[in-house]
Amino acid sequence: MVQLHVKRGDESQFLFNTTVDAPLETVIQQITTIYNGRLKVDRLCSEIPELADHGITLPPNMQGLTEEQIVELKLKDEWEDKCVPSGGPVFKKDEIGRRNGHAPNDKMKDVLMKTVEEAKALISKKQLQANVCVTMEMVKEALDQLRGAVMIVYPMGLPPHDPIRMEFEDREDLSGTQASLQVITEDECQLWWAAKEMQRGKKLQDYIGKNEKTKLVIKIQKKGQGAPAREPLVTDEQHKQMIKHYYKRQEELKKLEEADDDTYLDSEWSDRQALKKKFQGLTNIKWGPSLASPLP
């Protein structure tokens, strides 16, 4: 199997296995599905803790309003009595006024939070470090885990306007959000390798040959954005480690230089010829002008 290390920009995403005779249309479709599926799991894992802390989302016309404004406008959340968490709610006010504050109890909250951690681990970038390839089945499993946990805590379901339910039903509205910039549709997806776009209509072997044990880094890019920027030969982390190493080495050399004291060589005990000179009567010889008194 050919192993593809998929990146977006300079950031690693996941490992993907395929074959050299796979049509690039198929490879692009599979990689795009996994890439966008991981984004969906990340969005859900960011939203579910809010559900656990503050309950279901208020209707759009009530979000951000104070209690006085809601009373004045005579607004009512018709989903508050329908979407009650298992075991009864615990009131925890949402300070930003986005959710109704009727949160699940601690036991149900633990169910949600534990499942979030498990789903994150399943599609985590740490899988790449462990040399584990991410598949669509793994992404689907993570989504099923999250869906199951929400159904356990909210057996009556969530309101149709709740972003978590919208994500599960593929009705999410990402317009105007940072998340929308991350999504890449299959039609606008391009794969780049060695500064070349891998053209649809060809097979992987047209670029890398027929060696099934090939490993290569490819970059996923939106159509119209041009070729991805070349990566530096040394990463930021490697650069930091190099500077750290050089600084440590300089400090070690400085200490060695300070400790390089050779004055002991002038000591009598360090003279290798001391014994010979003693036998020959050559010790304590002083050189210089005579200090004898002048003749009268």
Step by step: first the residues of segment 80-115, then only those that are in a loop (DSSP other than H, G, I, E, B) and hydrophobic (A, V, I, L, M, F, W, C), then the one that is modelled with the lowest pLDDT. Which residue is that?
96
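Yes/no matrix, rows are residues, columns are (1) without any contact (Cβ under 8 Å) to a residue 12 or more places away in the chain; (2) part of a loop (DSSP other than H, G, I, E, B); (3) not assigned by the TED database to the domain that holds residue 198:
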{"site": "25", "(1), (2), (3)": "no, no, no"}
{"site": "32", "(1), (2), (3)": "no, no, no"}
{"site": "59", "(1), (2), (3)": "no, yes, no"}
{"site": "117", "(1), (2), (3)": "yes, no, no"}
Output for Cβ contacts, cut-off 6 Å, separation at least six or different chains, first residue without any contact (Cβ under 8 Å) to a residue 60 or more places away in the chain and in a loop (DSSP other than H, G, I, E, B) in segment 178-191, second charged (D, E, K, R) and open to solvent by 40 Å² or more (accessible area, probe 1.4 Å), reads 188/223
Some residue of segment 63-77 being of a type in the set (Val, Ile, Thr), outside any strand (DSSP E or B), surrounded by fewer than 18 Cβ atoms within 10 Å (Cβ to Cβ) and modelled with pLDDT of 95 or more
no
Which residues, taken from segment 74-93, are within 22 Å of residue 152 (Cβ to Cβ) and in contact (Cβ under 8 Å) with a residue 24 or more places away in the chain?
79, 80, 82, 83, 84, 85, 86, 89, 92
Select from segment 136-168 the residues that are in a helix (DSSP H, G or I) and among the charged types (D, E, K, R) and list them in ascending order.
137, 140, 141, 144, 147, 165, 167
Would you pick out the residues in segment 120-135 that are surrounded by 13 or more Cβ atoms within 10 Å (Cβ to Cβ), of a type in the set (A, V, I, L, M) and more than 12 Å from residue 15 (Cα to Cα)?
122
Go through segment 95-107 and count every residue that is in contact with a strand residue (DSSP E or B) (Cβ under 9 Å, 6 or more places away or on another chain) and closer than 18 Å to residue 159 by Cβ.
7
Do we have any residue at all in segment 177-195 that's over 30 Å from residue 43 (Cβ atoms) and either open to solvent by less than 40 Å² (accessible area, probe 1.4 Å) or in the same structural domain as residue 31 (by the TED database) (or both)?
yes
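The values are calculated or read from the model by the stated rules, or taken from the named source; none is laboratory data. All figures in this text were calculated on a predicted structure; none of them were measured in a lab. Don't worry about glycine lacking a Cβ; one is built from the backbone with ideal geometry, like all the others, and counts go over all protein chains shown. Note: areas computed on protein heavy atoms with side chains; ligands, DNA, RNA excluded. Shrake-Rupley method; radii C 1.70, N 1.55, O 1.52, S 1.80 Å.
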